[in-house]
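For reference, the structure is listed below as structure tokens.
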Amino acid sequence: MISLKRHMKTLICSILFLTAIFVFTGCRNKAELDANGMPGKLVVAVYAGGDNPTGMKAAMTPLRNYLEKKLGMEVEYNYSTDYTSVIEALRAKKVHVAYMSPFSYVLASQKHDITPIVTMGEDGKPHMYHSVIFTNYGTHLNSMEDVKARAKTLTLCFADPASTSGHLIPRAYLVTLGLNPDNNAFKQTIFAGSHPASVLSVASGKIDVGCSTKEYGLDLLMRRGVLKPGLVKVLWQSDPIVSSPIVVRNDLNKDLAKKIQSLYLNLSKDAPVVFTTYAKFYYPHPEKLSYMVAQDSMYNGLRKIASGIKDMNSAN
């Protein structure tokens, strides 16, 4: 006679075996693509900044619900506080769609099969923004000539390694001044990790000189009351930078990718409340904006700038 203990062990093993068969044969990862490039659910990577991720998620929820309804499938948003994580998610094929900075797109497009589908537009042209280099008033720096003269005694911070306005553009400008961070031009050079972190590190006096975006760094933190007036001053502002793209993986079903693109392109007209709820989180005048078709060639100027930076791929 089989003992009760042995009988229970055999029963448990049988249940686990049957459960495993059910799991592996009947519960395919819904994010995986089938033979036609269709996922069971659409996964979207979103850069959420660093100062108000809860607010960002709340602003994005109506859009997620809208996409679910129109696509007829579950839509999951994965939020990240740095651009490099978004690139890595694409690399590992954990996401199908991603919100990227222009520079993170340039980096990702080198090695990964992705295509930009839309970018934010204004009057039929890509919305533009600017990079800034700034300091706190306690440094008594008044110009970039002052920075150049005192660089060896100053600390410098960029935002994120894959940031356009918080790294690529200001780094390239500093090099033109003979202040190459790779050659120890400054007393210390660090990455703050995000735009808010870069701004607030300088505002608090922990760092002497910082780099970020004007519109979505300094101005945005001012509008939200996070940065008080009179704490930082801008020493340099870049030429306009083309707006960030939303991209899709090239192995995603082509009809699905086209439908996603169409939903974004028509969003401001078909669902103005959904569009405005998201857009006003970043933009002061969302009524002037709408999505437009993005082209890879829009970012060729950034590619040229990036090609002149040593070890550009280290951020990828």
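The values are calculated or read from the model by the stated rules, or taken from the named source; none is laboratory data. Please read all numbers here as calculations on a predicted model, not as lab measurements. Virtual Cβ from ideal backbone geometry, glycine too; neighbours counted across all protein chains shown. Remember, those area values only see protein heavy atoms, side chains included, never the ligands or the DNA or RNA. Shrake-Rupley method; radii C 1.70, N 1.55, O 1.52, S 1.80 Å.
What is the magnitude of the charge dipole of the chain about its Cα centre, with +1 placed on the Cβ of each Lys and Arg, -1 on the Cβ of each Asp and Glu, and no other charges, expressed in debye to the nearest 20?
Dipole size: approximately 780 debye.
Taking Cα atoms, how many degrees apart are the long axis of helix 254-265 and the longest axis of the chain, rounded to 10 and kept between 0 and 90?
That helix lies at roughly 50 degrees to the long axis.
Any idea of the accessible area per residue across segment 117-196, 1.4 Å probe, to the nearest Å²?
The answer is 40 Å² per residue.
Strictly over 19 Å apart at the Cα level, which of Lys214/Lys280; Lys30/Lys69; Lys187/Lys304; Lys30/Lys57; Lys259/Lys288 would you flag in this model?
Lys187/Lys304; Lys30/Lys57; Lys259/Lys288
How big is segment 115-197 along each principal axis, measuring the range of its Cα positions in Å and listing the largest first?
44, 25, 25 Å, listed from the longest principal axis down.
Under the classification rounded if a/c is under 1.5, otherwise prolate if a/b is larger than b/c and oblate if not, where does segment 198-316 fall, given a ≥ b ≥ c as square roots of the Cα gyration tensor eigenvalues?
In terms of gyration-tensor shape, oblate.
With both partners inside the chain, how many of the DSSP beta bridges are antiparallel, as a percent to the nearest 5?
Here the share of antiparallel DSSP bridges comes out near 65 percent.
What figure in square angstrom, to the nearest 10, would you give for the accessible area of Thr153 with a 1.4 Å probe?
Its accessible surface works out to 90 Å², give or take rounding.
For the chain, what is the calculated [θ] at 222 nm in deg cm²/dmol (nearest 500), taking -39500 (n - 2.57) for each run of four or more DSSP H residues and dividing by its residue count?
Rounded to the nearest 500, it is -12000 deg cm²/dmol.
Near Lys125, which aspartates and glutamates are there with a Cα under 17 Å away, not counting those fewer than 8 places off in the same chain?
Result set, ordered by chain and number: Asp239, Glu287, Asp296.
Under 20 °C and 1.002 mPa s, how fast does segment 58-107 diffuse according to Stokes-Einstein, given a Kirkwood radius computed over C-alpha pairs? Answer in µm²/s, whole number.
Estimated diffusion coefficient is 178 µm²/s.
Using a 1.4 Å probe on the protein chains only, how many percent of the accessible area of the chain belongs to carbon and sulfur?
Using a 1.4 Å probe with all protein chains present, the chain comes out at 55 percent carbon and sulfur.
Once the Cα atoms of helix 272-282 and of the chain are each reduced to a long axis, what angle between those two axes, in degrees from 0 to 90 to the nearest 10, is obtained?
For helix 272-282, the angle is close to 50 degrees.
Compute the Cα gyration tensor for segment 106-155, then decide on rounded, prolate or oblate, letting a ≥ b ≥ c be the square roots of its eigenvalues: rounded whenever a/c is under 1.5, prolate when a/b is larger than b/c in the other cases, and oblate in all that remain.
oblate
Using only Cα atoms, what is the ratio of the radius of gyration of the chain to 2.2 N^0.38 Å?
1.20
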